[in-house]
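The values are calculated or read from the model by the stated rules, or taken from the named source; none is laboratory data. All values reported here derive from a predicted model rather than from experimental measurement. Please note: Cβ atoms are built from the backbone with ideal geometry, for glycine as well, and neighbour counts cover all protein chains shown.
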């Protein structure tokens, strides 16, 4: 299997709520935002909502869903799930550039 770079997402959180209903180390949250999409295959803008949870071991588990509106007028639904570990970095080097790949969708690859 070969992964191809589709795009880089530059996401900005507009508003959010973060609660600690289970003690001081586990959190639940909800936030919304927008961003830019730039890459060799996809270019446009995005809008998203995230309902993450932070586990007791301080690992965030994002649950993000949204849309991408491409420059040529197409609409793409997106979903991002996984694990995030927040590390302290100097402001001049702090950035996030997740990369996503594509795979063929056939009956034997689950698509």
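Structure notes:
- Yes/no for residue 82 being modelled with pLDDT of 50 or more, under 24 Å from residue 14 (Cβ atoms) and surrounded by 15 or more Cβ atoms within 10 Å (Cβ to Cβ): no
- Meets criteria (modelled with pLDDT of 90 or more and surrounded by 10 or more Cβ atoms within 10 Å (Cβ to Cβ)) for residue 73: no
- Test: residue in region 14-27 that is surrounded by 15 or more Cβ atoms within 10 Å (Cβ to Cβ), under 15 Å from the mean Cα position of the chain (by Cα), assigned to a strand (DSSP E or B) and at negative phi: no
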